[in-house]
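A short worksheet on the structure shown next.
The values are calculated or read from the model by the stated rules, or taken from the named source; none is laboratory data. Here the structure is a predicted model, which is why all the values come from computation and not from measurement. Because the Cβ atoms are built from the backbone with ideal geometry, glycine has one as well, and the counts that use them run over all protein chains shown.
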Amino acid sequence: MYYSYKDIVESLPIKKNSKSSLWVKLFVRKASFPLTWILINLRCSAWGASILSICVALTGFGFLLIDNELSRITGVILTQLWLILDCVDGNIARVQKKSSEYGEFVDAISGYYVTGFIFLGIGVAAYNTSSIVSSPYLIGCIILGGVSSVSGLLCRLIHQKYTYTTMVVNDNASAIPENEAKQKFSLQYIRSRVDKELGISGLFMPFLIVACVFHIYDLMTFFYCLFQVVSLIIITLYYAVKAR
């Protein structure tokens, strides 16, 4: 079956786009439409797009590890492409009317891979390019990148475990934290918005481009280590208190 470009654009609900980060709304969604049109008419499924995004993310991580300017640029470009593909799988699912919980599960795996590796990759890039960290302490950039990745994964693990436990206890999906996040100005809503705007689908991507151009991977590593650790502390305390 042939799908038109119009089919793809019109499949995006206004409400869904409004929940996205500013970066995604202004640039990534629009960039995802032509790529969706190509892949969907090549008979690529939403599942296939999700798996492709994982491969792209891991390849981008690999390029960031190489101490070569062209390799780092390639890694940054592939990381940007990953976020576009992260929108493509959802576009395909909506156009084909094949959205499912398992589709969201595979999509989430892609995000976990990026969270688990990208900060470490940037830490290695900082190790190879830093001009503000003296040589004996450069290894700290890699360590901070690793701490960022672990903290990011722990945030998601804690959130998902609480969500699962809440559903089991209440035997009701309406009690999950995501529904609280829909209530504007609730703590969960604010946390969710901050994560979207400053996290991997938000400020992170333009910051990565700037870091690549001006060789400030070190500053990016410092900022996101602080952001991820503070986020982990807040999420740990928040869910621990809710679980009392």
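Summary table below
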item	result
Test set (1) closer than 20 Å to residue 206 by Cα; (2) crowded, with 16+ Cβ neighbours inside 10 Å - residue 22 fails condition number	(2)
Residue ranges of helices (runs of 4 or more DSSP H) in the stretch 1-93 with at least 2 members within 29 Å of residue 149 (Cα to Cα)	14-19, 29-41, 46-64
Selected residue (criterion: surrounded by the fewest Cβ atoms within 10 Å (Cβ to Cβ)) from residues of the stretch 129-170 that are assigned to a helix (DSSP H, G or I) and touching a Cys at 6+ places or on another chain (Cβ under 7 Å)	147
Meets criteria (at negative phi, at pLDDT 90 or above and in a helix (DSSP H, G or I)) for residue 113	yes
Residue among 65, 39 that is touching a residue at least 24 places away in the same chain (Cβ under 8 Å), under 22 Å from residue 153 (Cβ atoms) and out of contact with any His (no Cβ under 9 Å at 6 or more places or on another chain)	65
Residue match in the stretch 9-28 (condition: of a type in the set (Asp, Glu) and within 14 Å of the chain's Cα centre (by Cα))	no
Qualifying residue in the stretch 118-138 (condition: touching a residue at least 60 places away in the same chain (Cβ under 8 Å), within 30 Å of residue 37 (Cα to Cα) and under 17 Å from the mean Cα position of the chain (by Cα))	yes
Which numbered condition residue 93 fails, given (1) without any contact (Cβ under 8 Å) to a residue 24 or more places away in the chain; (2) surrounded by 21 or more Cβ atoms within 10 Å (Cβ to Cβ)	(1)
Residue tally, condition surrounded by fewer than 18 Cβ atoms within 10 Å (Cβ to Cβ), of a type in the set (D, E, K, R) and under 22 Å from residue 85 (Cα atoms), over the stretch 188-242	2
